[in-house]
Ligand SMILES: Nc1nc2c(ncn2[C@@H]2O[C@H](COP(=O)(O)OP(=O)(O)OP(=O)(O)O)[C@@H](O)[C@H]2O)c(=O)[nH]1
Ligand SMILES: [Mg+2]
Ligand SMILES: [Zn+2]
């Protein structure tokens, strides 16, 4: 048996990287019948002696992101553009919360910076400055920011997330010329991408691996206690103990340190709004 990492799962086979080679493997029946039995990023044991290599066992996962499923992820790169498609803070924020919930690091990546005027860049900096994840400003067209991304990718498993059409595949192509991933034109009428990328698969980029994904659109908050929600917003974690009430929901309670920080610009208003929105969704017990 040899150890390998799953690069991608297809209906009839799984591609596994074993000692530098890519093997097209079958799955042991037990794994085939299980939902999320094997996903991209899994570390697996492969019996490679027979005519067709077979994945026999999946090692315990460090973490798991779903839709699309990727396991053992070091960081999520949340890609967003300011225009084309227009910035959707709710979407960016939900991906960041999903990363926190999965206990995965996150990097915020502005794409298509070549389309932005100076004051639009300033606006982006202003919106994201108080949010405690690194922000990298990039353009696949001019190459801006790629040098800043390279060391962040090295030796790590990263997942690209973000709305369709923000330029995830083109960014990867720019990071690793010759990759040739399909990119889509944005439909001018609806100004949303076309979901050119369908499956999660891991690609070698800069001494690390990156999963180009069709984008995570839904956030699973099932199982999150409303009391725990603030812990998924790292900028609120250190503030909560300073609220007047130990059980503060950071809504309209007097002496709330989180709301005070919002007023003073130490917490981004859009992050606090998203927190309140998610709190309400949890309380209403909506189907996620
Ligand atoms: N001006 C400009 N256009 C870009 C840039 N990056 C991507 N685009 C364009 O934006 C469109 C969408 O890019 P994709 O890379 O397909 O977007 P995606 O995020 O992979 O989309 P899905 O696969 O649908 O999730 C394409 O027309 C790209 O050429 C950029 O840095 N600058
Ligand atoms: Mg794509
Ligand atoms: Zn509070």
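Residues are listed down the side, and each one gets a yes or a no for (1) crowded, with 17+ Cβ neighbours inside 10 Å; (2) free of Cβ contacts under 8 Å to residues at least 12 places away in the same chain; (3) over 14 Å from the mean Cα position of the chain (by Cα); (4) over 25 Å from residue 18 (Cβ atoms):
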| position | (1), (2), (3), (4) |
| --- | --- |
| 39 | yes, no, yes, no |
| 51 | no, yes, yes, no |
| 57 | no, no, yes, no |
| 61 | no, no, yes, no |
| 94 | yes, no, no, yes |
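Could you say which residue among 181, 199, 219 is assigned to a loop (DSSP other than H, G, I, E, B), surrounded by 19 or more Cβ atoms within 10 Å (Cβ to Cβ) and modelled with pLDDT under 90?
Details: 181 fails: surrounded by 19 or more Cβ atoms within 10 Å (Cβ to Cβ); 199 fails: surrounded by 19 or more Cβ atoms within 10 Å (Cβ to Cβ).
Selected residue: 219, the only one of 181, 199, 219 that is assigned to a loop (DSSP other than H, G, I, E, B), surrounded by 19 or more Cβ atoms within 10 Å (Cβ to Cβ) and modelled with pLDDT under 90.
For region 32-100, which fully contained strands (runs of 3 or more DSSP E) count at least 3 residues that are at pLDDT 95 or above and in the same structural domain as residue 132 (by TED's automatic domain parsing)?
Details: elements: 43-47, 54-58, 75-81.
Strands (runs of 3 or more DSSP E) meeting the threshold: 75-81.
The values are calculated or read from the model by the stated rules, or taken from the named source; none is laboratory data. None of these values were measured; they are calculated from a predicted model. Every residue, glycine among them, receives a Cβ derived from its backbone with ideal geometry; neighbour counts consider all protein chains shown.
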